[in-house]
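What follows is one structure encoded as structure tokens, with my remarks underneath.
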Amino acid sequence: MYFKCDGLDLSEAVSKVIKATSSKTTSPILEGIKFTCDGDYVTLLATDLELSIQKTIKAEVMGDGEIVVPGRLFSDYLRKLTNEKIECSLELGNRLKIAYNESKGYIQCMDVLEFPAVKEISKNSYFEISQKTLRNLINKVIFSVAVDDSKAILKGVLFEIEGENLKAIAVDGYRLAMCSTKVKVQNVTQNVIVPGRSLQEISKLLSDSDEMVRVYVDSNILMLDLGDTVVTTRLIEGQFINYKQIISNNFETCVVIRKVQLEDAIERASILSKIDKNNLVKFDIKENVLTLTSNSELGNITENISVNVDGNDLIIAFNSKYFSDCLHAIDDEYIKLNFVNSVNPCIVTACEGGEYLYLILPVRI
């Protein structure tokens, strides 16, 4: 195997695929990056058996072949060579020679036969969506994915397809995030649960463009094809919770508020609550004023915001982090806070339309 390529191209490719390597494994081969030289291209592939990322770059290939290099070591080495023209060749003893300018280095390769194969999937079932829209969809819900290993099914995001509507739902037991968008669907009839980690990496690879991409769904696999970059992830098997039964439609108090005002007020009010590590902020809704208060041994903070209120007065408290997370994901100027009473969840929605919905459980006071 022998190829030449631009150092920056190679470094950027390695930085993308290395996100799929495993750092906590008893199988060292999963820490490696597989290189395949074929024709005028070099393809890099990394996988931890759940997530796989493949990146293809243009190169001057003088000898086809395959190798597996230690991912972190190779990445760290390349990071200092982005301005160089690089030559890579396989030497005797399964060593990779890396030559640049008048210098060279050697890295011991791993056994390519031990590298796991990435499952091929059928391309009959897919949906089409723009990169910008998919990234927005992911970012609007990903923060509500559970991190607790005891809630394995909640460590993923439910992709629910009904007709040409794609809905993403994430729940961690304390809050729910939901966002929906229109997509072009071809033969997709199943709902799937996509690991949150995989979606986070997919979001980083997406651009802020209207370029359409295809997302393929096949059995327990989802694949995103970005042309020169392909991401494949195993899906989480099992039954997602019945989220619809916890979303109320009957409210006793509705508040319309300017989003940035609430966001800034919560950030200020939570400064003291974070000191006590309880993140508790109290909402007092009365006579078209929302009063936020937080207390600690070091003092107290009170924020008053003029709002439009429809319904009953209400006192209720929340973990401020959960509120801040959803507000950071919202772009609208005004939002609506919907309440049943002081012990039922708050539902955060747009004033018009139903693109997103956030549910936040209160804290008893």
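Separation of the alpha carbons by more than 27 angstrom is noted, of Lys58/Lys123; Lys123/Lys182; Lys151/Lys182, for Lys151/Lys182. Of all aspartates and glutamates in the structure, the ones whose alpha carbon falls short of 17 Å from that of Lys244, not counting any fewer than 8 places away in one chain, are Glu160, Glu162, Asp172, Glu355. For the chain, the relative contact order comes to 13 percent (Cα pairs under 8 Å, sequence separation of at least 6). For the stretch 123-198, with every protein chain kept in place, what is the accessible area per residue (1.4 Å probe, Å²)? So the stretch 123-198 comes to 41 Å² accessible per residue, rounded to a whole number.
Extension gain for Asp76 to Leu92 (0.36 nm times residue separation, less C-alpha to C-alpha distance): 3.4 nm.
Charged neighbours of Asn288, selected by a Cβ distance under 11 Å, balance to -2 (K, R count +1; D, E count -1).
Cβ-Cβ distance of Lys24 and Gln108, R₀ of 25 Å, FRET efficiency by 1/(1 + (r/R0)^6): the value works out to about 0.70.
3J(HN,Hα) along the stretch 91-108: 9, 4, x, 6, 10, 8, 8, 10, 10, 7, 6, 9, 10, 7, x, 10, 10, 6 Hz, from the Karplus curve 6.51 cos²θ - 1.76 cosθ + 1.60 with θ = phi - 60°, whole Hz, x for Gly and Pro.
Compared with the direct C-alpha span, the chain from Asn139 to Ser219 gains 26.3 nm at full extension, assuming 0.36 nm per residue. Return the FRET efficiency for the residue pair Asn83, Ser209: r is the Cβ-Cβ distance, R0 is 30 Å, and the value is rounded to the nearest 0.05. With R0 = 30 Å, the Cβ-Cβ based efficiency is 0.65.
Computed over protein heavy atoms with a 1.4 Å probe, the carbon and sulfur contribution to the accessible area of the stretch 60-167 reaches 46%.
Placing R0 at 30 angstrom, the Cβ-Cβ distance between Leu298 and Glu267 gives a FRET efficiency of 0.95 after rounding to 0.05. Placing unit charges on the Cβ atoms only, positive for Lys and Arg and negative for Asp and Glu, gives the stretch 75-226 a dipole magnitude near 300 debye about its Cα centre. Which is farthest toward the positive dipole end of the chain among Val183, Leu280, Leu199, measuring Cα position about the Cα centre, with Cβ charges +1 (Lys, Arg) and -1 (Asp, Glu)? Value computed over the given set: Leu280. Among the GluC sites (Glu not before Pro) in the stretch 150-201, those placed in a DSSP loop whose Cβ has at most 12 other Cβ atoms within 10 Å are Glu164.
For the stretch 193-232, the Kirkwood hydrodynamic radius comes to 10.9 Å, computed from all pairs of different C-alpha atoms.
Applying the criteria of a DSSP loop state and at most 16 other Cβ atoms within 10 Å to the trypsin sites (Lys or Arg not before Pro) of the stretch 299-365 yields Arg364.
Dipole magnitude for the chain: computed about the Cα centre from +1 point charges on Lys and Arg Cβ and -1 point charges on Asp and Glu Cβ, it is near 560 debye. Stretching Asp313 away from Lys184 to a fully extended chain increases their span by 42.0 nm, per 0.36 nm per residue minus the current alpha-carbon distance. Take the Cα of Lys321, go 7 Å toward its beta carbon, and the backbone nitrogen atoms of the stretch 247-280 under 14 Å from that spot belong to 270-271, 273-280. For the stretch 148-163, 3J(HN,Hα) computed residue by residue from phi via the Karplus equation (6.51, -1.76, 1.60; θ = phi - 60°) reads 7, 5, 6, 10, 4, 5, 8, 7, x, 10, 6, 9, 10, 10, 10, x Hz, glycine and proline entered as x.
Ordering Val171, Val14, Ala117 by Cα displacement along the dipole of the chain toward the positive end leaves Val171 in first place; charges were set at the Cβ atoms of Lys, Arg (+1) and Asp, Glu (-1).
In units of the rule-of-thumb radius 2.2 N^0.38 Å, the chain shows an alpha carbon radius of gyration of 1.20.
Here is the list for the stretch 1-104: trypsin sites (Lys or Arg not before Pro) lying in DSSP coil, each with at most 14 other C-beta atoms within 10 angstrom of its C-beta, are Lys24, Arg79, Lys80.
Any idea what log10 I(q)/I(0) is at q = 0.28 Å⁻¹ for the stretch 149-191, Debye with uniform C-alpha scatterers and no solvent? Debye intensities relative to I(0), on a log10 scale: -0.96. Counted by Cβ distance under 15 Å from Glu31, the other residues give a net charge of -1, where Lys and Arg count +1 and Asp and Glu count -1. Averaging over all projection directions, the Cα-based convex hull of the stretch 296-365 occupies 5.8 nm² in the image plane. Using the structure shown, list the pairs from Lys132/Lys184; Lys155/Lys336; Lys34/Lys204 with a Cα-Cα distance above 25 Å, or answer none. Result: Lys155/Lys336 exceed 25 Å. When you count the other C-beta atoms within 10 angstrom of each residue and take the mean per peptide, 138-151, 213-226 line up highest first as 213-226, 138-151.
Taken about its Cα centre, the stretch 1-83 carries a charge dipole of roughly 340 debye when the Cβ of each Lys and Arg holds +1 and the Cβ of each Asp and Glu holds -1.
Residues with beta-carbon under 12 Å from that of Glu252, excluding Glu252: net charge, scoring Lys, Arg +1 and Asp, Glu -1? Result for the local shell: -2.
Based on protein heavy atoms only, the stretch 273-327 ends up with 53 Å² per residue of surface accessible to a 1.4 Å probe.
The values are calculated or read from the model by the stated rules, or taken from the named source; none is laboratory data. No experiment lies behind these values; they were computed from the predicted model shown. FYI the Cβ positions are ideal-geometry reconstructions off the backbone, even for glycines, and counts take in every protein chain you see. Only protein heavy atoms, including side chains, enter the accessible area calculation; ligands, DNA and RNA are left aside. Shrake-Rupley method; radii C 1.70, N 1.55, O 1.52, S 1.80 Å.
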